[in-house]
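Following: one structure in structure tokens, then a few remarks.
None of the figures in this text is laboratory data; all of them are computed from the coordinates on show. These numbers were taken from a predicted model, which means no experiment stands behind them. FYI the Cβ positions are ideal-geometry reconstructions off the backbone, even for glycines, and counts take in every protein chain you see.
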Amino acid sequence: MTQAEFDTVILGAGAAGMMCAAHAAARGGRVLVLDHAKAPGEKIRISGGGRCNFTNMHCGPHAFLSGNPHFAKSALKRYTQWDFIDLVARHGIAYHEKTLGQLFCDESAKLIIAMLVEEMAKVGAELALQTEITSIAKAESGFRLEVAGARRGVISARNLVVATGGKSIPKMGATGFGYRVAAQFGVPVTETRAGLVPLTFDQDMKAEFAEISGVACEAEVSCAGAAFREGLLFTHRGLSGPSILQISSYWREGEEITVNLLPEQDAFTALRAKRQENGRRDAALVLGDLLPKRLAAKKALSLGISGKIADQSDKRLRAVAEDLHRWRIKPIGTEGYRTAEVTLGGVDTDALSARTMEARDVPGLFFIGEVVDVTGWLGGYNFQWAWSSGWAAGTEI
Ligand code: FDA
């Protein structure tokens, strides 16, 4: 059995792990990154439709959910979106803003992976892929790991950094392993659930909404005090699109979401103006001026609108407008980790140092990235948390 000694072993060659490795090795220590996957940064590769939404220009603590909303502040402030943008620019990677401050590579997400691998190689951080961690134990001065696969043997390290991500997309190797490591060392983990995920309907609602499957529109979706104005998509299973993915992180089973189908205008004023313009028009068709046609037809049917627009009283138009602005929908669930972009909850921030990500009661044990109970909005925020938390641990080790 081979034996090796490192200053720092990082579990997980994802966004946070590679960032941490580059900074930890830059400080002179011997650093090894272990991953069971065939290639590093697999989630980076598929992110942003293959273009990686690597950060957001408006990044700040407001865009994160956590048991302690203050926890992320320190790392986000010390390694900002502008620091990462600088790094991307230094590597000559072209990028653009798509919308709402979201920065994407012009060409390919693979360039971000290549950049991180290069940053690690430059400072001598080692990478061992296709390697399984079979056991972890506390040793006299650090940790002792048994590993199998491509790099088999015993590895000891002064510092152990857990960067194995969350449970989302098990098909890509997500295991929830980091939570088990936390439990092994007595580090508490908060309840985890799927985030940034489509919402689903029960059978009756699926049947009711079947005719508008595929319809997309802009909407403001709100729940539990949060609201997002972005695209909404009706699917054959339920609801999707950016506004729904965003609100899914706030939604809890049993709750309703409120959909404002016309966030940009006052529906009552608009409908009254249409009535004034041409009272002979069919009221259901008038709705089609304001909403996608299939959605308008469904709304007309469910609201019982028929006949000419001139025949609709103010009271009636007000009721229609109220429904368009405050449509309440009760999803039955989410699509779960199978399609979720992130895992909400995770390693309890109360048990970690906000400055270094080190476990307060286990010196030398660090948790970074998605495994921690810090979850960003859709739009590059989750990668920024990976970069910032990876940097915070890497520069402290
Ligand atoms: P990450 O999951 O990246 O890395 C964990 C690593 O640990 C993996 O390499 C894995 O193989 C390894 N690992 C896990 N268990 C292990 C074990 N037992 N043994 C050894 N290795 C193990 N965010 C964003 O900001 N912008 C975006 O565009 C997108 N897009 C996006 C698309 C899709 C489809 C998904 C699923 C997610 C996104 N995200 C995103 C979210 C983003 O991918 C996520 O927040 C980060 O990848 C988290 O980085 P980590 O390094 O913490 O985990």
If we ask which residues in the range 185-213 are in contact (Cβ under 8 Å) with a residue 40 or more places away in the chain, farther than 25 Å from residue 62 by Cβ and in a loop (DSSP other than H, G, I, E, B), their number turns out to be 6
For the range 4-21, name all the residues that are aliphatic (A, V, I, L, M), within 13 Å of the ligand (Cβ to nearest atom) and farther than 18 Å from residue 168 by Cα.
-> 9, 10, 18, 19, 21
Only residues that are closer than 22 Å to residue 19 by Cβ, in a strand (DSSP E or B) and not hydrophobic (A, V, I, L, M, F, W, C): list them for the range 105-143, please.
-> 126, 131, 142
Name every residue in the range 144-184 that is outside any strand (DSSP E or B) and within 25 Å of residue 3 (Cα to Cα), in order of residue number.
-> 150, 151, 152, 163, 164, 177, 178, 180, 181, 182, 184
Can you find a residue in the range 322-334 that is within 12 Å of the ligand (Cβ to nearest atom), under 21 Å from residue 176 (Cα atoms) and either among the small types (Gly, Ala, Ser) or crowded, with 17+ Cβ neighbours inside 10 Å (or both)?
-> no
Pick from the range 78-110, criterion without any contact (Cβ under 8 Å) to a residue 60 or more places away in the chain and small (Gly, Ala, Ser), ranking: surrounded by the most Cβ atoms within 10 Å (Cβ to Cβ) = 108
With the checklist (1) of a type in the set (D, E, K, R); (2) near the ligand (Cβ under 10 Å from one of its atoms); (3) touching an Asp or Glu at 6+ places or on another chain (Cβ under 7 Å) in hand, flag the one item residue 158 doesn't pass.
-> (2)
All positions within the range 111-131 that are surrounded by fewer than 19 Cβ atoms within 10 Å (Cβ to Cβ) and among the β-branched types (Val, Ile, Thr) = 123
Search the range 287-308 for residues that are over 15 Å from residue 321 (Cβ atoms) and pair each with any residue that is of a type in the set (Gly, Ala, Ser) when their beta-carbon atoms are under 7 Å apart and the residues are at least 6 apart or on different chains.
-> 288/296; 297/284; 306/283; 306/284; 307/283; 308/279; 308/283
Sort out which residues of the range 258-286 are in contact (Cβ under 8 Å) with a residue 60 or more places away in the chain and among the β-branched types (Val, Ile, Thr), and write them in order of number.
-> 258, 259
Mind listing whichever residues of the range 374-396 are more than 20 Å from residue 86 (Cβ to Cβ), more than 12 Å from the ligand (Cβ to nearest atom) and buried (at least 24 other Cβ atoms within 10 Å of the Cβ)?
-> none
Residue match in the range 21-37 (condition: surrounded by 14 or more Cβ atoms within 10 Å (Cβ to Cβ), in a helix (DSSP H, G or I) and in contact with a Lys or Arg (Cβ under 7 Å, 6 or more places away or on another chain)) | no
Considering each residue of the range 38-77, count those that are more than 6 Å from the ligand (Cβ to nearest atom), surrounded by 14 or more Cβ atoms within 10 Å (Cβ to Cβ) and outside any loop (DSSP other than H, G, I, E, B), and give that number.
-> 13
